[in-house]
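One structure is given here, and the rest of the page talks about it.
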Amino acid sequence: GSHAADNFSFGGVNDIVYIGYKAGASADGVNNTFVGCQAGMNNVPGADENVFVGWHTGMNNAGLHNTFVGNLSGVNNNGFQNTFVGIGSGMNAGGIYNASLGGGSGPINNTISNSVAIGNNAVTMNSNQMILGVNNVNVGIGLNTDALGPQNKLEIDAGLSGTNVGGTANVGASGLRFRDLTALSIPQANPGPGVLALD
């Protein structure tokens, strides 16, 4: 069956909500919310203030302050302050301050911290990285109603020469700015075609 508890103590566990078959089974910790079949099962002592929603979500968790949504997300997690959304996201993850959105997305291992992965199967290979999609994904900025969407890996529409109003009203502006690249920057020779060069 299922059980729910609020401000309830059982085996050292308190301030918990468990809903679903074996949700929170063999679990310890406080202020946890586990919703789904076997969600939070085998949560270890000290793994507190987690929210797990989905079938098998957060099983064998040893981390705290995590939010996992989606079947099998956050399984075998030992990190804290991670947010994983999507089926199988953040599996075998750890580290701190990681976020992922999309099925199978997240850090590649449990040593990565401060990373963001967005898109189905998008993964971060190192700490302090942001990955948008897998290799066949194009990213568009300012292309909200464009029928074709972005046609390159990164396409920016400054909204100046088309029908969209916006940008700086500076005709010819690309919408791309290199903040610390100024007239005082040391010029570098353009190595050839296919390389972005700025005058």
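The values are calculated or read from the model by the stated rules, or taken from the named source; none is laboratory data. Keep in mind the model is a prediction, meaning the values are calculated, not measured. Cβ coordinates were reconstructed from backbone atoms using ideal geometry, including for glycine residues, and neighbour counts include every protein chain displayed. Heads up: the accessible areas ignore ligands, DNA and RNA and are worked out on the full protein's heavy atoms, side chains in. Shrake-Rupley method; radii C 1.70, N 1.55, O 1.52, S 1.80 Å.
Out of the residues in the stretch 6-33 that are assigned to a loop (DSSP other than H, G, I, E, B), surrounded by fewer than 16 Cβ atoms within 10 Å (Cβ to Cβ) and not aromatic (Phe, Trp, Tyr), which is modelled with the highest pLDDT?
Ranking the candidates gives ASN31 first.
Could you check, for the stretch 186-193, whether at least one of its residues is at pLDDT below 80 and open to solvent by less than 100 Å² (accessible area, probe 1.4 Å)?
The answer is yes; a qualifying residue exists.
Mind listing whichever residues of the stretch 51-66 are more than 18 Å from TYR21 (Cα to Cα) and open to solvent by less than 10 Å² (accessible area, probe 1.4 Å)?
GLY63, ASN66 - these are the residues of the stretch 51-66 that are more than 18 Å from TYR21 (Cα to Cα) and open to solvent by less than 10 Å² (accessible area, probe 1.4 Å).
Just for the stretch 68-106: of the residues that are more than 17 Å from GLN129 (Cα to Cα) and part of a strand (DSSP E or B), which one is least open to solvent (accessible area, probe 1.4 Å)?
PHE68
Residue-wise test of (1) of a type in the set (Ser, Thr, Tyr); (2) at pLDDT 80 or above; (3) out of contact with any Phe, Trp or Tyr (no Cβ under 8 Å at 6 or more places or on another chain).
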{"site": "ASN110", "(1), (2), (3)": "no, yes, yes"}
{"site": "SER113", "(1), (2), (3)": "yes, yes, no"}
{"site": "LEU143", "(1), (2), (3)": "no, yes, yes"}
{"site": "LEU160", "(1), (2), (3)": "no, no, yes"}
{"site": "GLY172", "(1), (2), (3)": "no, no, yes"}
{"site": "ALA183", "(1), (2), (3)": "no, no, yes"}
